[in-house]
């Protein structure tokens, strides 16, 4: 009789993802995006473009050297990025704890199964030895 439901068949990661709020999912997406080479490359291209357009004489200078507006943009980005990345890291710690607990539970179950198998094997060996001894005794009696 098997009473497993679909919720019992889910692994620890699927259960964890289901508990995330909308804000947590957004924070994870932002942290994942900001921690990628794609983000670094796009941001580098935008900075080079920003600085180039502001240094050229024939383009309107909205942020003249030393690029105070660009520094403000970076400061604002860092002010928001740091807590978002920290939230994502905290959730990663939670996921790691859940995975470690799931691994521990699996190891405990495996240990119980191995111990049960060892007991069965030992019982089989004892039964076989008892039969062999009985057979030998019967052979001895017949002689």
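None of the figures in this text is laboratory data; all of them are computed from the coordinates on show. Note that the structure is a prediction, hence the values are computed from the model and not measured. Every residue, glycine among them, receives a Cβ derived from its backbone with ideal geometry; neighbour counts consider all protein chains shown.
The mean sequence separation of alpha-carbon pairs under 8 Å and at least six residues apart, normalised by the residue count of the range 12-142, gives a relative contact order of 32 percent.
Each stretch of four or more DSSP H residues adds -39500 (n - 2.57); spread over every residue of the chain, this sum gives -29000 deg cm²/dmol at 222 nm. Counting neighbouring Cβ atoms within 10 Å and putting the fewest first, the residues 29, 24 line up as 29, 24. Calculate how steeply helix 37-55 sits against the longest principal axis of the alpha-carbon atoms of the chain, using the helix alpha-carbon long axis, and give the answer as 0 to 90 degrees to the nearest 10. Roughly 10 degrees, rounded to the nearest 10. Extension gain, residue 10 to residue 111: 0.36 nm times the residue separation minus the Cα-Cα distance gives 34.1 nm.
Label separation (residue 61 vs residue 25): 4.7 nm, computed from points 7 Å beyond Cα along the C-beta direction.
How large is Rg/Rh for the chain, to two decimals, with Cα atoms and a Kirkwood Rh?
1.49
Just checking the listed ones, 38, 120, 111: in the Gaussian network model of the chain with Cα springs under 10 Å, the one fluctuating most is 120.
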